[in-house]
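Student: Here it is: the structure, laid out below.
The values are calculated or read from the model by the stated rules, or taken from the named source; none is laboratory data. The shown structure was predicted, so the numbers you read here are calculated from the model rather than taken from an experiment. Glycine gets a Cβ as well: all are built from the backbone with ideal geometry, and neighbour counts include every protein chain shown.
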């Protein structure tokens, strides 16, 4: 059902679906450049982002992800990241 909603009207669908149903790892969101409403809703409503946490919880969460997002690891993943990011999204980031 979510696939139909995304295809028919991604903007209204994102606000009517349960928050836990949002899956921003789906490639079609990026292929269709329809991921922005999903990220807007997550930023607005999702709780628990470690970025917003205070120590010591922030520190614990950061230790978990730090090895994965270290600059050397990101450099190794650059081709994959660029391959999964539509050109229009890359242009927005440069502005």
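Student: Could you check segment 59-95 and list, in sequence order, the residues that are assigned to a helix (DSSP H, G or I), under 15 Å from residue 27 (Cα atoms), at pLDDT below 75 and touching a helix residue (DSSP H, G or I) at 6+ places or on another chain (Cβ under 8 Å)?
Tutor: 89, the sole residue that qualifies.
Student: Out of the residues in segment 1-26 meeting the condition of being exposed (fewer than 12 other Cβ atoms within 10 Å of the Cβ) and part of a loop (DSSP other than H, G, I, E, B), tell me which one is modelled with the lowest pLDDT.
Tutor: 1
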